[in-house]
Structure formats: structure tokens, C-alpha cells
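Student: Provided herewith is a single structure, encoded as C-alpha cells, for subsequent inquiry.
No value in this document is a laboratory result; all are computed from the given coordinates. Just so it is clear, the structure is predicted and the values come from calculations on it, not from any experiment. Cβ placement follows ideal geometry from the backbone for every residue including glycine, while neighbour counts extend to all protein chains displayed.
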């Protein structure tokens, strides 16, 4: 790389041009080029590049990284989770009394999704070296992290994988939430990620299967819109009456083993979602967020 400036421009203005190109490439889902613009700017004048990128352009660069992460990278992960949805978690043993075995295809797909998440982490790491004070950047990283943590609920047979994932991801998510809220205490995405992480702590790991056991197993995540509707119906309607509270208590005592069975089969999850669909449709207008 040369240290030349654009024709007729000062070093500062050339660095600003690199910042503009970095933003354009991020908005076009070309994050690999963003790092090149940053490197070229630093070759011209490292200190000036840090000042211009990290202060003058910090908010815009942070927003561009946020857009790239949420509009492109998260969608890529969501597509990967969708592919995983129809793959059974375990093979054999269901209904036969035999010990089920983990489906290698499922584990392979989970590993591939983890690799996609690690790619996103690498992008976030590069971004924080450019604009470490961006609340939008940290908010996006926290949001993607907590959704990745909650997706793909695993059955007891491979709960160790789930625990390892939790222990590995949670510190990073906590850190991004703190960083975002330190810059902007009312940052909406960071606050929502914080609440979602709290739900994961309270339900996915302290209560086997999550709070809406069967529905969570069917939709594969406690954060689906349908789960929110059912949860609001529980909290705002069922909890208000003795009969409703009795129903909730009975449901909690009986549903975990049913949810574990459903979770093992993509076909069963689809049947339950189809069954719940009309109920959710009726409840949607009154109990959606």
C-alpha cells in the first residue's frame, strides 16, 4: 500500500475519504473492504486516522457497522437457524425405550452456525478498534449474541453443549451491553438485549425448557413473537384468576417431558406450531407487544 493522498487533497481530507468509503462498503455488506480503508488511513498518519475515525466519524462508522451486523449478518445467521429447524436433534430411541443418540448432522450444523457467529465476533472486534465508543455497535453485538445464545434449544442428552455455549457467550454479551449503556444509558437495543439475556438466565437455564415449555420447544427459541403473545396471555389473563393460576401450575408440572419429546423432532415441532397457530391468531390483537 502506498502512502499517497488523493490528488489535490490534504492528509486529513484523504483520511476522511477513506472513512466515507468504509461507511459505504459497510452499508453495501462489504465489511472485508472496510478494514482495508482503515489500514490505508493509518498508513498515511496513524494518530490522525484514529482521531478522525474515532471521534469525527465515530457515530457514523458505528451506525454503519450496526446496519451491516443487523441488516446482513444477523439475517445470514437467521437463515442458518432456519435450515437447522427441520433437522432432528437425536436419532432412534424415541418411543422404543432405547437410549437416543445425538444426530451428527445436527451437531455439524450447530458448529457451522457457531462459525458464522465467530465471523460476526471477528467483525465486531475489528469495528471496536475503529470506533470503540459506539453504543450502536455494542448494542448490535449484544443483540445478535443473546439471540444466538437462545436459539437452537438442546435436549438433556447434549445439555453439556448448551452449558458450554452459555459460559462462552455470556461474558461477551454482558460486556457489549455494559459498553453500550455506558455511552447511552437509554440505548433501546442494549436494554432489550439485557432483558432478553435475563430471560435466558431465568428460564432457559434455571427452568428446563423455558417458561412456555411446549411452545418454546416448538418454535425453537423463547424470543419468537408467538411466544411473546402466549407469555402475555399467561401474565395478563391466566394469572388474574384462581382457575388460570391452577392451569399454569398444572401445565408447568406436566409439560417439561412433553417439550423434551417435541424438541427431538422437527416434524413434531411443526405439528405443534400448526396447532398453536389459530390460538395465537385469536390472541394476537389483544396480547401482542
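Student: Binning at 5 angstrom from zero up to the longest distance, how are the C-alpha pair distances of region 208-289 distributed in percent?
Tutor: Binned Cα distances yield the sequence 3, 16, 24, 27, 20, 8, 2, 0.
Student: Can you tell me the order of 122-135, 271-284 when each peptide is scored by its average per-residue count of other Cβ atoms within 10 angstrom, highest first?
Tutor: Taking the mean over residues of other Cβ atoms within 10 Å, the ranking is 122-135, 271-284.
Student: Same structure again: Beta carbons within 10 angstrom, averaged per residue: use that to sort the peptides 41-52, 101-112, highest first. Walk me through the numbers on the way to the answer.
Tutor: Numbers: 41-52: 16.6, 101-112: 14.6.
Packing order, densest peptide first, comes out as 41-52, 101-112.
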